[in-house]
Amino acid sequence: MRPSVHPILFVGCTADLSFSTRESRLQREFSNFGEIAEVKLVKDELTKKSKGYAFIQYTSQDDALLALENMDCKSFDGRLIYVDITKPGKEAFREYPKTSGPPKKQQLPKQDEVADCWY
């Protein structure tokens with residue numbers, strides 16, 4: 001039987017989370033929406049300083065979605081944060097999850113003529 005997998009939220013902002021933000025602060029604020037399984041503030045391995053983003057995993061999918069709806073594009077420690085549901089990487093247990101992020105703009109070639117369509 002496979003264990004239940006709950007969504008993990010990515011928390012960041014366009015200019016990084018404040019370097020004064022701590023896991024305990026994230027835990028306190030995001031626990032308003034449900035029980036949290038884990039908070040991971042990502043840090044540089046050498047300097048041990050925050051890289052400016054975090055992952056938060058809830059015990060319930062509904063709680064994660066509630067946090068996403070309520071915390072995305074909100075002010076947190078003086079910065080505008082964004083919250084997104086992550087997608088597992090190639091090796092989900094060996095690296096951080098990937099965020100879906102905003103859609104990428106596609107560069108489509110310009111066409112001078114529109115092809116006739118036959119129905």
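The values are calculated or read from the model by the stated rules, or taken from the named source; none is laboratory data. Since we're looking at a predicted model, the values are computed, not measured. All Cβ positions, glycine included, derive from the backbone under ideal geometry; neighbour counts span all protein chains shown. When the accessible area is computed, the model is the full protein with side chains, heavy atoms only, and any ligands, DNA or RNA have been set aside. Shrake-Rupley method; radii C 1.70, N 1.55, O 1.52, S 1.80 Å.
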Response to the item:
Among residues of region 35-46 being part of a loop (DSSP other than H, G, I, E, B) and either closer than 13 Å to F19 by Cα or touching a strand residue (DSSP E or B) at 6+ places or on another chain (Cβ under 9 Å) (or both), the residue least open to solvent (accessible area, probe 1.4 Å) is D44
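Sort out which residues of region 47-79 are in a loop (DSSP other than H, G, I, E, B), farther than 13 Å from F10 by Cα and either free of Cβ contacts under 8 Å to residues at least 40 places away in the same chain or open to solvent by 90 Å² or more (accessible area, probe 1.4 Å) (or both), and write them in order of number.
As a first pass, look at region 47-79 and keep what is in a loop (DSSP other than H, G, I, E, B): 47-49, 59-60, 72-73, 77-78.
Subsequent filtering for residues that are farther than 13 Å from F10 by Cα retains 47-49, 59-60, 77-78.
If the condition is that a residue be in a loop (DSSP other than H, G, I, E, B), farther than 13 Å from F10 by Cα and either free of Cβ contacts under 8 Å to residues at least 40 places away in the same chain or open to solvent by 90 Å² or more (accessible area, probe 1.4 Å) (or both), then T47, K48, K49 are the ones that fit.
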Worksheet, complete the sentence: Scanning region 3-18 for residues that are assigned to a loop (DSSP other than H, G, I, E, B) and at pLDDT 85 or above, the one least open to solvent (accessible area, probe 1.4 Å) turns out to be L17
Worksheet item: Pairs, please: C-beta under 9 Å, at least 6 apart or cross-chain, first residue within 21 Å of L66 (Cβ to Cβ) and among the acidic types (D, E) and in region 9-30, second at pLDDT below 95 and assigned to a strand (DSSP E or B)?
Response: E23/V39; E23/K40; E23/L41; E23/A54; E29/F76
